[in-house]
Amino acid sequence: MTNQTLESKRETQEEIWAMFDQIAPRYDLANRLLSFGQDVLWRKNITQAIPNESSYDVLDVATGTADVPLSLVKNKKSIRKVYGIDMSSEMLKVGTRKIAEHSLENKISLSLGDATDIPFPDNRFDVVTIAFGIRNIKDTKKALQEMKRVCKPGGSVIILEFSLPENPLMRKFYLFYFQKVLPVVAGWITGKKDAYRYLNSTVMAFPYGREFSSLLQQAGFIDIKTSTLSWGIASLYQAHIGHSV
């Protein structure tokens, strides 16, 4: 186990929320530059995973600066409304400004909310999403249980998260960039190099692929499907809620 992994385990959930507050002003810029724009394409996979029929209310957990809600309402006609929750007030402020710039206040609603204690009733949403946020939640199992609780029977949960490439050469290149280059460049952009060292360590420590699919199964999800994106740099997980008997 690396020192970075050990450091990530000492972070409290409150410290993680505070860290996101600090990097919020330049978070979007850092994401676009450091992913070479791939983060936009990765989020579109969430949109494509939602069927076109019917009309859907969506909850986006750990919504950050509202990139997922904006992508959904701009690219999917079947989306009725998206509710986004996050515990970083500064990230939500940035997201609120972006929503106003696109005049989408009637389609997107943001509020403070903890992924492990989602402030909505049971069976409220048709779809629940989370992009690059599940690994930053300390109690992953509780978060999955909460996402399942607020999703309607027959509904779906879509999770987008970083993973590690299986190809040895690609993995070696990716880890060099991720561990050595990205924190330095992100530090220049945001002024918070330590924050990106932490974020990198969470990718290294977080389960992905079959291991994460197993967590979904344990949480009671069914019809679990995993797709790798960009040679395995990211993974998209789709799971459904069974109908009550």
Enumeration of residues in segment 109-138 that are touching a residue at least 60 places away in the same chain (Cβ under 8 Å) and of a type in the set (D, E, K, R) = Arg124, Asp126, Arg135, Lys138
Some residue of segment 186-200 being crowded, with 19+ Cβ neighbours inside 10 Å, under 20 Å from Leu236 (Cα atoms) and within 18 Å of the chain's Cα centre (by Cα) = yes
Just wondering, is there one or more residues in segment 144-162 that are surrounded by fewer than 17 Cβ atoms within 10 Å (Cβ to Cβ), of a type outside the set (Lys, Arg) and touching a Leu at 6+ places or on another chain (Cβ under 9 Å)?
-> no
Looking at segment 54-84, which of its residues are closer than 16 Å to Pro119 by Cα and of a type in the set (D, E, K, R)?
-> Asp57, Asp60
With Arg32, Arg26 as the choices, which residue is free of Cβ contacts under 8 Å to residues at least 12 places away in the same chain and assigned to a helix (DSSP H, G or I)?
-> Arg32
For segment 91-103, does any single residue satisfy the condition of being within 19 Å of Gln238 (Cβ to Cβ), surrounded by 15 or more Cβ atoms within 10 Å (Cβ to Cβ) and modelled with pLDDT of 95 or more?
-> no
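The values are calculated or read from the model by the stated rules, or taken from the named source; none is laboratory data. Nothing here was measured: the structure is a model prediction, and the numbers come from that model. No Cβ is skipped: glycine too gets one built from the backbone with ideal geometry, and neighbour counts run over all protein chains shown.
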